[in-house]
Amino acid sequence: MAFTTVAQVADIPAGKAKQVTVNGKTLAVFNSNGSFYAIDNECPHRGGPLAEGELSGTEVECPWHGARFNIGTGVHLCPPANRDVTAYKVQVIGQEVQVDA
């Protein structure tokens, strides 16, 4: 795989996320205090959009039913989700946020 530019740094303020599509995959790209992370956007519980969830440090809470995930590893941290999501490598080159997906 190769890194693909998905956003500019200014597009994703600290504490926020942006939904992007890379190679047919819908991802949530997060800015946690200037560090960028990417995970699958769809919560495995009922498909909630994780990019719209509440971000706290490196945890995001699904806006639909409250499942939480680590945005660095994709690990699910509590029910109702019962499995992890995929985490992707992110790099920032200049002002470009790039994801390897």
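Select, from Phe3, Phe30, the only residue that is surrounded by 18 or more Cβ atoms within 10 Å (Cβ to Cβ), of a type in the set (A, V, I, L, M, F, W, C), out of contact with any Cys (no Cβ under 9 Å at 6 or more places or on another chain) and closer than 19 Å to Ala101 by Cβ.
Among Phe3, Phe30, only Phe30 is surrounded by 18 or more Cβ atoms within 10 Å (Cβ to Cβ), of a type in the set (A, V, I, L, M, F, W, C), out of contact with any Cys (no Cβ under 9 Å at 6 or more places or on another chain) and closer than 19 Å to Ala101 by Cβ.
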Do we have Pro13 as touching a helix residue (DSSP H, G or I) at 6+ places or on another chain (Cβ under 8 Å), surrounded by fewer than 16 Cβ atoms within 10 Å (Cβ to Cβ) and not in a strand (DSSP E or B) here? no
Considering the stretch 1-22 alone, what residues qualify as being touching a residue at least 24 places away in the same chain (Cβ under 8 Å) and within 15 Å of Ser35 (Cβ to Cβ)? Ala7, Val9, Ile12, Gly15, Lys16, Ala17, Lys18
Residues that are at pLDDT 95 or above and among the β-branched types (Val, Ile, Thr): which strands (runs of 3 or more DSSP E) entirely in the stretch 34-99 hold 2 or more of them? 87-93
So, in the stretch 23-42, of the ones that are touching a residue at least 12 places away in the same chain (Cβ under 8 Å) and farther than 17 Å from Leu55 by Cα, which residue ends up farthest from the chain's Cα centre (by Cα)? Asn23
For the subset of the stretch 58-101 comprising residues that are touching a Pro at 6+ places or on another chain (Cβ under 9 Å) and among the aliphatic types (A, V, I, L, M), which member is surrounded by the fewest Cβ atoms within 10 Å (Cβ to Cβ)? Ala81
Residue selected from the stretch 33-52 under the condition in contact with a Cys (Cβ under 8 Å, 6 or more places away or on another chain) and buried (at least 23 other Cβ atoms within 10 Å of the Cβ), by the criterion farthest from Gln95 (Cα to Cα): Cys43
For Val29, are the conditions met, namely being part of a strand (DSSP E or B), among the β-branched types (Val, Ile, Thr) and modelled with pLDDT of 95 or more? yes
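The values are calculated or read from the model by the stated rules, or taken from the named source; none is laboratory data. Worth saying up front: this structure is predicted, and the values here are computed from it rather than measured. Every residue, glycine among them, receives a Cβ derived from its backbone with ideal geometry; neighbour counts consider all protein chains shown.
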